[in-house]
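First the structure, in the form of structure tokens, and then the observations on it.
No value in this document is a laboratory result; all are computed from the given coordinates. Bear in mind the structure is a predicted one, so any value in this text is a computation, not a measurement. With ideal geometry, Cβ positions are generated from the backbone for all residues, glycine too; neighbour counts draw on all protein chains shown.
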């Protein structure tokens, strides 16, 4: 399953979306593409600490994950997760661990943060 190549103008448009619009866009892309992207290094998936919660960062496209990694986490590479595997295995595991998800952050690090339990209700 190859990723859709985004143009510079598409990336700019996504970057300029509000947090809520990026949230909705991520959900629609996950369903349409059958996958979601996160970041990982040799030690596992990147979990960002928001001060109170640990959150897995999710992206709609590999390019967006690459841009975010390049800026803040150069040791990480994009990791594709199959949609069904994410919904059936990852989300229940994250719920059990009380983890959150950071949903399609822009390059300023702005995103909606939601519990895995609440996010799972979208599927």
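Largest mean-square fluctuation among 37, 90, 68, in a Gaussian network model of the chain whose springs join Cα atoms under 10 Å apart, belongs to 90.
Put simply, when 111-119, 6-14, 59-67, 38-46 are sorted by average Cβ atoms within 10 angstrom per residue, most first, you get 59-67, 111-119, 38-46, 6-14.
Give the distance, in whole Å, between the Cα centre of the stretch 1-58 and the Cα centre of the stretch 103-119. One Cα centre to the other: 8 Å. Note on residue 77/residue 9: beta-carbon distance plugged into 1/(1 + (r/R0)^6) with R0 of 25 Å gives a FRET efficiency of 0.50.
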